[in-house]
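Some notes on the structure that comes next.
Each value in this text was obtained by applying a stated rule to the coordinates, not by laboratory testing. For clarity, every value in this text was computed on a predicted model and none was experimentally measured. Cβ sites come from the backbone with ideal geometry, for glycine too, and all protein chains shown count toward neighbours.
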Amino acid sequence: MPRRKRRPLVPEARGALDQLKADVMRNQGYTVDSKDPDNVKYEVARENHVPLQQGYNGRLTSHEAGKVGGTIGGNMVKEMIRMAQEQMKKQ
C-alpha cells in the first residue's frame, strides 16, 4: 500500500511548515537538510532505536512510529504555542 502524502489544510503553508520543522529540530540539536527537512525523521528514529527506513515501513508498530512523529510534531507544537504566547504579550 503506498504511503499517503500528508497535505496541510492550506497548501501555501507547506514552505512555512517545513521551515518551522527545520528550525525547531535544528534547535533541538538535530542535523537538518534545508532542502528536505522531512529527512530529520531518520535521525530521530536512529536515536530512539526505531528501524525506520526509506520506502515501506508497514512493519513498524504504532508505538515506534509515535516515537518518531511525536518527537518532531510535539516540538513543533511547543514552538507554535511559545510563538502565540509571545504574540499575545505584544498586544
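For the chain, the mean residue ellipticity at 222 nm estimated from helices alone is -19000 deg cm²/dmol, where every DSSP H run of n ≥ 4 contributes -39500 (n - 2.57) and the total is divided by all residues, rounded to the nearest 500. Just checking my list (1) 28, 16, 13; (2) 26, 16, 13; (3) 28, 12, 11 against semi-axes √(5λ) of the Cα gyration tensor in Å computed from this structure; which label fits? Entry (2).
Between M88 and R59, the modelled label-to-label distance comes to 4.6 nm, taking each label 7 Å out from Cα in the direction of the beta carbon. Computed extension gain for R26 through R14, at 0.36 nm per residue and net of the alpha carbon distance, reaches 2.5 nm.
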